[in-house]
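Scroll down for the structure; my scribbles are underneath it.
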Amino acid sequence: MSPIAIIAIVVGGLIVVGGLLTWMIIWLRKDYQQHEAGVLDRLTEEAPRRGWRFEERADNYTDVFNDVERYPKLSEPIVGHAASPKALRAHDVVTGEHRGRPFMAAKFWTSKPMDTRDGGGWEWFHAIWVNTPAPRPTLDVRSVPRMQSAVGSALGVGDLKIGHPEFDARYQVTAQNEQFARDVLSPQLIDLLLTDQRTFQGFWIRGQQLEVIGDIVEDHRDPENLVPALDLRNDIMDRIPHQVWG
């Protein structure tokens, strides 16, 4: 094959590949724009009806994030130290009430110092937090492998036993206040944590916010995603006895 023919084949191949890449970029951009339009259309329709407020940028809500970070996580590594991130910006903030409880859903741009787990840096942090009626001691309830729970117990790290064999085998409970943890974990809430088919791994309470662990929400601006996420958080709140907030 002559050099000219080889060059022609190579150039032709590059043109075809370039054309395919261009088409793919255009298609992906169009798909993204259609997705954005759909999300914003649904939010624009639902927000006024539900009394919600949407702000593309509202940095004053970084105070809410940073206030929560003042409270211990209780899910620290067994060895070492985990630094707390600081929110610098708040984007795509949705606020309002759902089932009678105030909430905030937002995307925070955070800065995290170096600690024993990683080198720190900047990252996005997504939050869908429901307000509790009053600030309370930190409580962390999460499903963990049995071996991790056993190691924590051996080292004296958390793992409060509630007295329900199946729950104690599947969940690790760490709390600043043992009685508060026992009061929160009512039989109704334990039943939900053991039998609910939705994908999540527990919850935490820090300050005056409740968050669900392991609940992956694709785009919190979309009411089709946000409403089920808020329902899950409120289902947990509904099963916490009212007297724990008194």
Seminar exercise, completed: Among (1) under 24 Å from Glu55 (Cβ atoms); (2) out of contact with any strand residue (DSSP E or B) (no Cβ under 6 Å at 6 or more places or on another chain); (3) part of a helix (DSSP H, G or I), Asp191 falls short only on (1)
Exercise. Looking at segment 176-192, is at least one residue at negative phi, modelled with pLDDT under 95 and surrounded by 15 or more Cβ atoms within 10 Å (Cβ to Cβ)?
Worked result: yes
Exercise. Looking at segment 90-115, which of the residues that are basic (Lys, Arg) and farther than 15 Å from Arg50 by Cβ is farthest from the chain's Cα centre (by Cα)?
Worked result: Lys112
Seminar exercise, completed: Those residues of segment 218-246 which are modelled with pLDDT under 95 and either part of a strand (DSSP E or B) or within 12 Å of the chain's Cα centre (by Cα) (or both) amount to Glu218
Exercise. Consider Asp118 against the criteria (1) within 18 Å of the chain's Cα centre (by Cα); (2) modelled with pLDDT under 80; (3) charged (D, E, K, R): it satisfies all of them except one. Which criterion is unmet?
Worked result: (1)
Exercise. Among the residues of segment 200-217 satisfying the criterion of being farther than 15 Å from Val141 by Cα and of a type in the set (Val, Ile, Thr), which is modelled with the highest pLDDT?
Worked result: Val217
Seminar exercise, completed: The condition of being part of a helix (DSSP H, G or I), crowded, with 16+ Cβ neighbours inside 10 Å and at pLDDT 95 or above holds, among Phe65, Phe103, Phe54, only for Phe65
For this session: Please enumerate the residues belonging to segment 199-221 that are surrounded by fewer than 19 Cβ atoms within 10 Å (Cβ to Cβ), in contact with a helix residue (DSSP H, G or I) (Cβ under 6 Å, 6 or more places away or on another chain) and over 24 Å from Ser84 (Cα atoms).
Result: Glu218, Asp219
Exercise. Looking at Asp196, Asp140, Asp159, which is the one that is surrounded by 19 or more Cβ atoms within 10 Å (Cβ to Cβ), modelled with pLDDT of 95 or more, among the acidic types (Asp, Glu) and out of contact with any Lys or Arg (no Cβ under 6 Å at 6 or more places or on another chain)?
Worked result: Asp140
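The values are calculated or read from the model by the stated rules, or taken from the named source; none is laboratory data. The shown structure was predicted, so the numbers you read here are calculated from the model rather than taken from an experiment. Cβ coordinates were reconstructed from backbone atoms using ideal geometry, including for glycine residues, and neighbour counts include every protein chain displayed.
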